[in-house]
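The values are calculated or read from the model by the stated rules, or taken from the named source; none is laboratory data. Note that this is a predicted model, so its numbers are computed, not measured. Cβ placement follows ideal geometry from the backbone for every residue including glycine, while neighbour counts extend to all protein chains displayed. To get the accessible areas, we keep the full protein, side chains included, count just its heavy atoms, and leave off ligands, DNA and RNA. Shrake-Rupley method; radii C 1.70, N 1.55, O 1.52, S 1.80 Å.
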Amino acid sequence: MRVAVIGAGVIGLSTALCIQEQFQSLLPSLQLEVHADHYSPHTTSDGAAGLWQPYLSDHGNLQETLWNKETFDHLLTHSGSPAAREMGLFLISGYNLFVQPVPDPSWKNIVLGFRHLTPKELELFPGYSYGWFNTALMLECRSYLPWLTRRLTQRGVKFFHRKVESFQELVAQGVDVIINCSGMRAGELQPDPQLQPGRGQIIKVVAPWVKHFIITHSTGSDIYNSPYVIPGSEFTVLGGINQQGNWNEETSAQDHQTIWESCCRLLPSLQEAKIVQEWSGLRPTRPRVRLERETFHHGALQAEVIHNYGHGGFGITIHWGCAMAAARLFGSLLQEQQPPSPPEPRL
Amino acid sequence: MAAPKAAVVGAGVIGLSTALCIVETCPSCSVTVLSDQFSPNTTSDVAAGMLIPHTCPGTPIHVQKKWFKETFSYLFGISNSAEASEAGIHLISGWQIFKNTPKEELPFWSDVVLGFRSMSEAELQKFPQHQFGQAFTTLKCDCPPYLLWLEKRLKATGVQMHTRKVADLWELHSEYDVVVNCAGIGAHQLVRDENLFPVRGQVLKVHAPWVKNFIRDGDGSTYIYPGIHRVTLGGTREKDNWSLSPDPGTTKDIFDRCCSIEPSLWGAQDIKVKVGLRPSRQSVRLQREVLSQGGAKLLVVHNYGHGAGGFSMHRGTAKETAHLVGECIAALQGSSSRAKL
């Protein structure tokens, strides 16, 4: 059975690994492949700082909160293991800042040590009058994606460096199941007006004295459209751009100014930080993650498609829960394809 | 009287911060720093520079708290400014963990550091051998940057710094009006203080930039303190051990203990081993003294014996010392004007 995963970002590779780990031994004929035009370090996932943090509100979408929790718990278990370093996984503490009191987030009991900021702490952040402190995790994709790739390669998964133009081209080649983890460009494979770009831009700097993440929020503004500072294992990411509907992947000088000035106001010590890179990418934004099965027909041929895209600015945060859910959909697909068991012989 | 001349003996965190406080409070004073060692070769350079006080048995708690609070406030201001990275000052959060629940509920400094609280059950799961813990945010002074920043500020105000081994304070009596003794462990020899003893500390400074939180065992024996470029792993507390040579067996023991509470450290690279002698005493010696020989006098202010708490108390003790220096100068000016009548 040929299963082709489209996309090699955090969603594609983790979904491939979940399916591989759970079904290879049960289904010796399973031949898993990854097809993608971009691999690490050129995926959207690579541009993300890698902080585990969902949006502030889940809008009643309990399913996504559960997937976020599953991901956090899975990563936390691995954070104390020898593999953590290689995975790019480590604990980090930090601040969420607001200009007015807000309700606690859906994830307050998922992260470690969630609490409100004290008045003394708020003195550090003039202009912000309310905030949270908690310990969360960082998962740096420039390490995690290669780690996933190594594991997949060891297990015989094949990789193809190509742009998939349509589901039919894969079906025509003999692919039985397609796992669609194409992120921002899912609309090119099947139109989806709900999928929109949330354009982001970041500046990577050398600022090793920064040990906390700082995410600010402003009323009336989308998440991540307000300055943020996220220290990684080597570089610190400065950001604060989230432009809905903007497909431009080029970095903008004006956005650079906005990010630089607002982050230096937030953390004056950043004025001495050396800039090493600029990057711009598109968050694959959707009202809800599309995680569902569909049967795709092409003439006489058909294939099962499992969609797993539209993770916006929380792909890393939710990836494992979604990968496990996609693997469950794959499992149910296999069950349906089982021939009916022969009748019990009568005594 | 001509501009009063003060010599500060010692160029570790105590000497340099004291010199700076003297310049700030007595602008008319001419200050010179004399030391046989400067950064990166002082005891301070070995220390992690964490602002977590150690209780001094002989100093009243309210005094220790005052010194700590002054130090914390001073550094808090710098950490929040454009100079933070040059000065090596940064905020850091983490955990103090205990194998057995400590007797005292709250340390005296719990309301000075930020966000102090008990660790949750979920947080403690990361440390299966420990039953209790405290989480908080404090400051760290990285050395050499902090000492170099102090040196730069001193030079900007005209303070001279000379490499010189002072064998006896009296040798300075003809050149200076006031001598400030910040010789740290050197005071054992310099003023023959038998109450001062070394507590040897060996540490490892490793490259592990993914470690963003500090972890400290409440018994003080094991700690992981991430700095700007390196993480300090410690440590030892060997009373009356004067050896400055790193011990390989100790290195392995420190590394093992730290890896057992933070397993990701197994991947740490480029391990450098350092040794420092904490200048320990029942209490910090912070007092005036008058030395006299024949008809000549030398006013001395002592500021040494900070043990494991040098960084935590430095600004507070420096200010108090500068105040005493001010008193000495006032006394000298008083007696010199009386001499004119």
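Pull out a ≥ b ≥ c, the square roots of the eigenvalues of the alpha-carbon gyration tensor of segment A:143-188, then state rounded if a/c is under 1.5, prolate if not and a/b is larger than b/c, and oblate in the remaining case. The shape class here is oblate.
Computed in the context of the full set of protein chains, the accessible area of chain A at 1.4 Å probe radius has 53% of its extent on carbon or sulfur. From helices alone, chain B scores -9500 deg cm²/dmol at 222 nm; the rule is -39500 (n - 2.57) for each run of n ≥ 4 DSSP H residues, then divide by the residue total. What the phi angles of segment B:31-36 give under the Karplus curve with 6.51, -1.76 and 1.60, with θ = phi - 60°, is a coupling list of 10, 10, 9, 10, 7, 7 Hz, glycine and proline written as x. In degrees from 0 to 90, rounded to the nearest 10, what is the angle of the helix A:315-337 Cα long axis to the longest principal axis of chain A? The answer is roughly 10 degrees. Comparing Cα centroids, segment B:53-126 and segment B:1-20 end up 28 angstrom apart.
Spacing of the modelled spin labels on A:E123 and B:W242, each 7 Å from Cα toward Cβ, amounts to 4.4 nm. The P(r) of segment B:193-301 has a tail past 23 Å containing 42 percent of all C-alpha pairs. What FRET efficiency, computed as 1/(1 + (r/R0)^6) with R0 = 60 Å and r the Cβ-Cβ distance, is obtained for B:S28 and A:T219, rounded to the nearest 0.05? Working from the Cβ atoms, E equals 0.65. With the cut-off at under 14 Å, measuring from each backbone N in segment A:152-174 to a point 7 Å along the Cα-to-Cβ line of A:Q302 picks out no residue.
Legend: calculated FRET efficiency, B:F108 to A:R162, from the Cβ-Cβ distance at R0 = 45 Å, rounded to 0.05, equals 0.10. Over the Cα atoms of segment B:1-48, the radius of gyration divided by the Kirkwood radius equals 1.06; this is the Rg/Rh ratio.
What does the convex hull of the Cα atoms come to per residue for segment A:267-308, in Å³?
Hull volume over Cα atoms, normalised by residue count, gives 153 Å³.
Legend: calculated FRET efficiency, B:N195 to A:I275, from the Cβ-Cβ distance at R0 = 41 Å, rounded to 0.05, equals 0.20.
Axis angle, to the nearest 10 degrees, between helix A:10-23 and the longest C-alpha principal axis of chain A: 40 degrees.
Pairwise alpha-carbon distances in the protein assembly as shown exceed 44 Å for 35% of all pairs.
Site pair A:Q190 and A:T251 shows an inter-label distance of 3.7 nm when each label is modelled 7 Å from Cα along Cα→Cβ.
Restricting segment A:121-177 to GluC sites (Glu not before Pro) that sit in a DSSP loop and have at most 15 other Cβ atoms within 10 Å of their own Cβ leaves A:E123, A:E165. Net charge near B:V199, counting Lys/Arg +1 and Asp/Glu -1 over other residues with Cβ under 11 Å of its Cβ? Net charge around B:V199: +3. Mean projected area of the Cα convex hull of segment A:1-103, taken over all directions, amounts to 9.4 nm².
Given the DSSP H assignment, sum -39500 (n - 2.57) over each helix run of at least 4 residues in chain A and divide by its residue total; what's the result at 222 nm in deg cm²/dmol, nearest 500? Result for chain A: -9000 deg cm²/dmol, rounded to the nearest 500. The angle between the Cα long axis of helix A:253-266 and the longest principal axis of the Cα atoms of chain A comes to about 60 degrees, rounded to the nearest 10. The share of alpha-carbon pairs in chain A lying farther apart than 40 Å comes to 16%. Across B:W170, B:W109, B:W210, mean-square fluctuation computed from a Gaussian network of chain B (C-alpha pairs under 10 Å connected) peaks at B:W210.
Using a 1.4 angstrom probe on protein heavy atoms only, the contact between A and B buries about 2700 square angstrom of accessible area, both sides summed.
Based on the Cα atoms of segment A:130-279, what semi-axes does the equivalent ellipsoid have, where each is the square root of 5 times one gyration tensor eigenvalue, given in whole Å with the largest first?
With the √(5λ) rule applied to segment A:130-279, the semi-axes are 35, 21, 14 Å.
Quick note on segment A:193-347: its Rg to Rh ratio, both from C-alpha atoms and Rh being the Kirkwood radius, is 1.21. Net charge of the neighbourhood of B:G267, taken over other residues with C-beta under 13 Å away and scored Lys/Arg +1, Asp/Glu -1, is -2. Annotation note: trypsin sites (Lys or Arg not before Pro) in segment A:78-150 located in DSSP loop regions with a Cβ neighbour count of at most 14 within 10 Å are A:K108. What is segment A:208-313's relative contact order, in percent, from Cα pairs under 8 angstrom and six or more apart in sequence? Worked out over segment A:208-313, it gives 17 percent. Take every Cα pair under 8 Å in segment B:5-335 that's 6+ residues apart, average their separations, divide by the length, and report that relative contact order as a whole percent. Taking the mean separation of contacting Cα pairs over the length of segment B:5-335, I get 26 percent.
Of all beta bridges that DSSP places with both ends in chain A, some 70 percent have antiparallel geometry.
Placing a label point 7 Å from the Cα of A:R265 along the Cα-to-Cβ direction, the residues of segment A:110-138 whose backbone N falls under 19 Å from that point are A:122-131.
Exposure here means at most 15 other Cβ atoms within 10 Å; with GluC sites (Glu not before Pro) in a DSSP loop as sites, the longest stretch of chain B lacking them is B:195-341.
For segment A:60-218, the alpha carbon convex hull comes to 194 Å³ per residue, rounded to a whole number.
Translational diffusion coefficient of segment A:252-327 (Stokes-Einstein, Kirkwood radius from Cα pairs, 4 °C, 1.567 mPa s): 80 µm²/s. With protein chains left intact and a 1.4 Å probe, residues in the protein assembly as shown average 42 Å² of accessible area per residue.
At 10 °C and a viscosity of 1.306 mPa s, what translational diffusion coefficient does Stokes-Einstein give for segment B:262-326, taking Rh as the Kirkwood radius over Cα pairs? Give it in µm²/s as a whole number. Value of D from the Cα-based Kirkwood radius: 105 µm²/s. Put a dot 7 Å past the Cα of B:S335, heading toward its Cβ, do the same for B:S174, and the two dots end up 1.9 nm apart. Rg/Rh for segment B:5-335 (Cα atoms only, Rh after Kirkwood) is 0.98.
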